[in-house]
1. Which pairs turn up if I take residues in the range 11-32 that are at negative phi and look for partners that are of a type outside the set (S, T, N, Q) and loosely packed, with under 12 Cβ neighbours inside 10 Å with beta carbon separation below 8 Å, at least 6 apart in sequence or on another chain?
2. Taking the criterion of being under 18 Å from D16 (Cα atoms), buried (at least 18 other Cβ atoms within 10 Å of the Cβ), modelled with pLDDT of 95 or more and not aliphatic (A, V, I, L, M), would at least one residue in the range 88-95 satisfy it?
3. Filter the range 23-66 down to the residues that are β-branched (V, I, T) and under 15 Å from the mean Cα position of the chain (by Cα), then identify the one that is nearest to A11 (Cα to Cα).
4. Among the helices (runs of 4 or more DSSP H) lying completely within the range 5-91, list those that include at least 2 residues that are closer than 21 Å to R101 by Cβ and charged (D, E, K, R).
5. May I ask you to verify whether R7 is farther than 13 Å from L108 by Cβ, surrounded by fewer than 16 Cβ atoms within 10 Å (Cβ to Cβ) and touching a Leu at 6+ places or on another chain (Cβ under 9 Å)?
6. Only residues in the range 37-65 that are within 17 Å of A91 (Cα to Cα) count as the first member; pair them with residues that are in a helix (DSSP H, G or I) and small (G, A, S), Cβ under 7 angstrom, at least 6 apart or cross-chain, and list the lot.
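The values are calculated or read from the model by the stated rules, or taken from the named source; none is laboratory data. Owing to the predicted nature of the structure, the values given are computational and were not obtained by experimental measurement. We place every Cβ from the backbone using ideal geometry, glycine too, and count neighbours over all the protein chains shown.
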Amino acid sequence: MNIQVKRVYEAPSSADGMRILIDRLWPRGLTKEKAHVDLWLKELAPSTALRKWFDHDPAKWEAFQQRYAQELRQQPVALERLTGLIGSGPATLLFGSKEERFNDAVALKAFMLARDE
């Protein structure tokens, strides 16, 4: 699987492949034209309750990943759709947060790679 993670505010690149936004909320101040999003899979975003609980706190990262994985397993149709898209070429999971190490896209990439093993 060729999965990249990128902040949606960064300029698109030809290496991005399919650009998939996975946040539940559309990024502030960004038009659809500027975002260059091919697909918005908000059903794979963490629940609002989980997102607010986590609040990008590195101390909660491990627990967040476990809870998020539980939520992802309840979305088999969306996961299979994502698997198909990722399997057909490079894909970039897009996120809006300023936090680049502890966010839903990083956690989703790890989840998808673990599933592929």
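1. M18/G89
2. Within the range 88-95, one or more residues are under 18 Å from D16 (Cα atoms), buried (at least 18 other Cβ atoms within 10 Å of the Cβ), modelled with pLDDT of 95 or more and not aliphatic (A, V, I, L, M).
3. Applying the filter and picking the extreme gives V37.
4. Those helices (runs of 4 or more DSSP H) span 48-54, 61-73.
5. yes
6. Correct list of pairs: L41/A78; L44/A78.
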